[in-house]
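Enquirer: Handing you this structure, nothing more for now.
We did not get these values from a lab; they are worked out from the coordinates using the rules stated. Just so it is clear, the structure is predicted and the values come from calculations on it, not from any experiment. So basically every Cβ, Gly included, is an ideal-geometry build from the backbone, and we count neighbours across all protein chains shown.
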Amino acid sequence: MAVSEKKYYHAIQLIPENCTGCTSCVKVCPTEAIRVRNGKAQIDPNRCVDCGNCVTICKFHAILPKSDSLDIINKFQYKVAILSSSYAGQFTEDIAYPVSKQALIELGFDEVAEEAMVTDFMVGLIRDYIRQHKDIRPILSSNCPAVVRLIQVKFPSLLPNILHQEAPMSILTRFLREKIQAEKGLKDSDIGIFLIVPCVAHVTAVHQPEGAYKHLQDGAFSIGMIYGKIRDRLRKMNNEENKINTYEQGLTLALSGVEAEMVDCEDIRALSVNGTDNVIEILSKVEDHYLDQYDYIVLRSCTNGCVGGCLNVENPFVAMSRIKKLIKTSKHQKVDTSELKELYKDGEFAVVPLEPRSIMLLDQDIKQAIQKMKKLNEILVMLPGLNCSACGSPTCYALAEDIVSDKASIDDCVVLLRRHQKEEE
Amino acid sequence: MAEYWNVNPDYEISAKSFLADKPEADVSLEFEIAVKDFVNAGKGSAEVKNTLKRLGVDPAILRRIAVASYEAEINVTAHSEGGKMYSYIYDDSVYIRFEDKGPGISNIEQAMVPGWSTADDLVREMGFGAGLGLPNIQKNSDLLHITSEYGSTTTLEIIIYYS
Ligand SMILES: Nc1ncnc2c1ncn2[C@@H]1O[C@H](COP(=O)(O)OP(=O)(O)OP(=O)(O)O)[C@@H](O)[C@H]1O
Ligand code: SF4
Ligand code: SF4
Ligand SMILES: [Mg+2]
């Protein structure tokens with residue numbers, strides 16, 4: 001399998017001065033991308049899938065999310081913010097949703113759009129795609145960039161199963177670009193479109209989109225990063241009702257279970273899975289064709305879906321309950337999607353076939369790989385099997401693997417070292 | 001003891017000579033399968049799959065190996081008093097042997113018939129017992145050899161080639 005050589009961008013940064021080498025991050029990384037070497041955490045860019053687990057777990061602020069600075073919006077004449085659906089769950093219920101949306105205008109944007117505007121259109125698109133691809137089962141959702149990268153890294157044989165269409169916020173970006181150019185008589189380069197996102201993965205995806213044919217967004221701001229500024233504006237705004245349109249009915253995209261329910265219908269059986277460990281377990285079953293009875297699987301790296309994103313401020317369960325309430329108590333807002341349908345028909349939302357980022361191979365040559373595996377197993381029986389991570393590798397198996405790949409030595413095992421010292425005493 | 005054989009004609013010669021010699025494998029794995037342990041059953045076959053993934057075995061072949069070994073592993077936990085799974089990994093094939101502690105299969109030919117099952121209520125509750133496991137193992141392996149007898153143990157061996 002061909003593996004492309006390009007450098008991978010990640011929206012996280014290590015702050016070595018803050019790192020204590022505690023190995024908490026090493027243990028939570030789903031792709032074993034992190035090692036502590038010489039007392040400091042290091043991330044292998046080929047393995048990282050931007051799930052954000054390490055950002056959440058680090059108590060020493062040694063792994064921080066990268067986010068664009070809000071000033072960059074001023075480079076554009078017309079500034080648009082697109083809200084990810086989880087935004088709506090971040091505010092206490094005394095703050096009306098339209099007001100929290102208006103706050104972004106106060107922050108300097110000329111227009112605020114919502115991912116929720118294209119939800120109905122997305123459900124139609126997904127159903128149509130599933131029906132058009134009867135030979136591939138199950139179809140896997142492509143909305144979560146962390147999941148897409150996880151499949152590229154750990155389950156490359158499932159790449160053809162991914163829904164090869166742009167994510168909702170990118171579809172909306174395409175649509176708004178053309179609409180604003182036509183309505184306001186602006187050039188493409190005068191319009192800045194920015195996403196307000198719940199996670200590291202979406203910031204990465206804006207900077208290095210997988211499979212995109214065209215220029216999409218100009219930057220991404222995390223909810224966590226702008227939250228303080230928004231609260232400031234809200235205080236000044238005094239919760240005054242305004243006439244801004246909102247699309248509560250479409251907020252379902254933030255909740256993986258509800259999205260699956262929406263796609264599910266007479267001829268389409270959908271399953272919803274969230275949380276990195278669950279996603280990995282399910283993908284392994286899909287690989288063995290144990291889940292072929294499903295037509296569509298909604299996969300989200302975070303608990304409950306994007307409400308669980310690591311750069312949100314509210315607890316995922318509380319945020320979910322708020323969003324559910326908003327959906328229940330709101331009226332349907334009609335969105336004219338005829339233009340979107342045209343663009344979809346013309347194949348405008350299709351993406352380039354996704355490529356593997358395979359890290360699994362011990363060696364290109366199977367004979368060599370078996371020899372390395374043999375050596376790996378020989379080392380493994382010498383190691384204590386405690387999986388304590390004190391060596392800086394996530395498990396004893398990973399250390400053995402690091403040793404055969406010349407990235408570590410058996411002396412890195414602290415437990416063995418101590419045993420030897422005791423014997424000598 | 002009664003025996004059951006099924007060999008893919010393309011591999012008949014190499015598979016038989018393999019069983020006659022049983023050359024030592026550079027990489028081998030062992031996995032204990034406890035009786036009615038549906039939580040852990042499946043981990044042995046998952047381990048084999050993950051090992052083979054690292055060696056670069058083709059995904060379609062990986063799937064055949066995963067399915068065949070998973071079904072055999074579940075059969076040991078569901079229908080026997082427990083046993084062991086031994087996997088031997090070569091550069092062109094994998095040989096996996098399941099040995100259990102009985103009670104054995106009274107009629108192997110019948111057990112091979114799709115839909116035939118003696119699964120008890122617990123096994124059915126766990127979602128197994130359609131009687132499709134053994135036929136599925138046969139479909140996905142290049143060699144299948146079962147040795148068993150009622151009141152004795154069961155040994156199930158499979159070989160799958162990578163190309
Ligand atoms: N290791 C074993 N020991 C004793 N009996 C077995 C063993 N493996 C299979 N059998 C017998 O063979 C029958 C058929 O096995 P098979 O795997 O085809 O179906 P199943 O296990 O009953 O159902 P399924 O595999 O579809 O969940 C079993 O019901 C059982 O009676
Ligand atoms: S973001 Fe996720 S995949 Fe990347 S290093 Fe951190 S834990 Fe690992
Ligand atoms: S589930 Fe949503 S919030 Fe979490 S990583 Fe994926 S896209 Fe981001
Ligand atoms: Mg069975």
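Enquirer: What average number of partner chain Cβ atoms lie no more than 10 Å from the Cβ of the residues making up B:48-58?
Expert: Taking all residues of B:48-58 together, the mean is 6.
Enquirer: Specify which residue in the list B:S28, B:L55, B:I160 is farthest towards the positive end of the charge dipole of chain B, using unit charges on the beta carbon of Lys, Arg (+1) and Asp, Glu (-1), about the Cα centre.
Expert: Most positive-ward Cα: B:L55.
Enquirer: Please state the relative contact order of the range A:364-425 as a whole percent: Cα pairs under 8 Å, 6+ residues apart?
Expert: It rounds to 26 percent for the range A:364-425.
Enquirer: To the nearest 20 debye, what is the magnitude of the charge dipole of the range A:1-158 about its Cα centre, counting +1 on the Cβ of each Lys and Arg and -1 on the Cβ of each Asp and Glu?
Expert: Using only the charged Cβ atoms, the result is roughly 960 debye.
Enquirer: Another question, then. GNM, chain A, Cα, under 10 Å: largest mean-square fluctuation among A:I43, A:I379, A:I130?
Expert: A:I379
Enquirer: Starting from the Cα of A:Y78, step 7 Å along the direction of its Cβ; do the same at A:N387; then give the gap between the two resulting points in nm.
Expert: 5.5
Enquirer: Once Lys and Arg get +1 and Asp and Glu get -1 on their Cβ, which of A:A33, A:A88, B:Y86 lies farthest toward the positive end of the dipole of the protein assembly as shown?
Expert: Farthest towards the positive pole: A:A88.
Enquirer: Give me the distance in nm between label points sitting 7 Å out from Cα along the Cα-to-Cβ direction at A:D190 and A:N18, one decimal.
Expert: Placing both labels 7 Å along Cα→Cβ, they lie 4.1 nm apart.
Enquirer: While we're looking at this one, here's another question. How big is the charge dipole of the protein assembly as shown about its Cα centre, in debye rounded to the nearest 20, if each Lys and Arg gets +1 on its Cβ and each Asp and Glu gets -1 on its Cβ?
Expert: With only Lys, Arg, Asp and Glu charged at Cβ, the dipole is about 1800 debye.
Enquirer: Picking from A:C391, A:C25, A:C144, which is most flexible by a Gaussian network model of chain A using Cα springs under 10 Å?
Expert: In the Gaussian network model the winner is A:C391.
Enquirer: Where the Cα atoms of the protein assembly as shown are projected onto their three principal axes, how long is each span, largest first, in whole Å?
Expert: 84, 68, 41
Enquirer: Now a separate question. Output needed for chain B: three equivalent-ellipsoid semi-axes, defined as square roots of 5 times the C-alpha gyration tensor eigenvalues, in descending order, whole Å.
Expert: With the √(5λ) rule applied to chain B, the semi-axes are 24, 18, 15 Å.
Enquirer: Let me check against my output: what whole-number percent is the relative contact order of chain A, with C-alpha pairs under 8 Å and at least 6 apart?
Expert: Value for chain A: 22 percent.
Enquirer: Using the Cα centre as the reference, give the magnitude of the dipole from point charges on the C-beta atoms of the range A:364-425 (Lys, Arg: +1; Asp, Glu: -1; all else neutral), rounded to the nearest 20 debye.
Expert: 220
Enquirer: Please name which of A:I370, A:L386, A:L416 has its Cα lying farthest along the dipole of the range A:364-425 towards the positive end, using unit charges on Cβ (Lys, Arg +1; Asp, Glu -1) and the Cα centre as origin.
Expert: The residue sitting farthest along the positive end of the dipole is A:I370.
Enquirer: A follow-up question, please. Taking 25 Å as R0, compute the FRET efficiency from the Cβ-Cβ separation of B:A130 and B:Y86 and round it to 0.05.
Expert: 0.40
Enquirer: Shifting gears a bit: Run down the lysines and flag those whose C-alpha is under 17 Å from the C-alpha of A:K40, throwing out any fewer than 8 positions away in its chain.
Expert: Qualifying lysines at Cα under 17 Å: A:K27, A:K59, A:K407.
Enquirer: Here's another thing I want to ask about it. Take the Cβ-Cβ distance between A:K325 and B:W116 as r, set R0 to 56 Å, and report the resulting FRET efficiency rounded to the nearest 0.05.
Expert: The computed FRET efficiency comes out at 0.60.
Enquirer: I've got another one for you. Given the DSSP H assignment, sum -39500 (n - 2.57) over each helix run of at least 4 residues in chain A and divide by its residue total; what's the result at 222 nm in deg cm²/dmol, nearest 500?
Expert: Computed mean residue ellipticity for chain A: -11500 deg cm²/dmol.
Enquirer: Which residues among the range A:175-198 fall inside the zone where the amide N is under 13 Å from a point 7 Å beyond the Cα of A:E339, along Cα→Cβ?
Expert: A:175-186
Enquirer: Going down the table (A:K134/A:K345; A:K372/B:K16; A:K243/A:K331), which pairs top 20 Å between alpha carbons?
Expert: A:K372/B:K16
Enquirer: Give, as ranges by residue number, the residues of the range A:192-206 whose backbone N falls under 20 Å from the point 7 Å along Cα→Cβ of A:D71.
Expert: A:192-195
Enquirer: Could you identify which residue out of A:P168, A:P16, A:P30 has the top mean-square fluctuation in a GNM of chain A using Cα springs shorter than 10 Å?
Expert: Maximum among the listed residues: A:P16.
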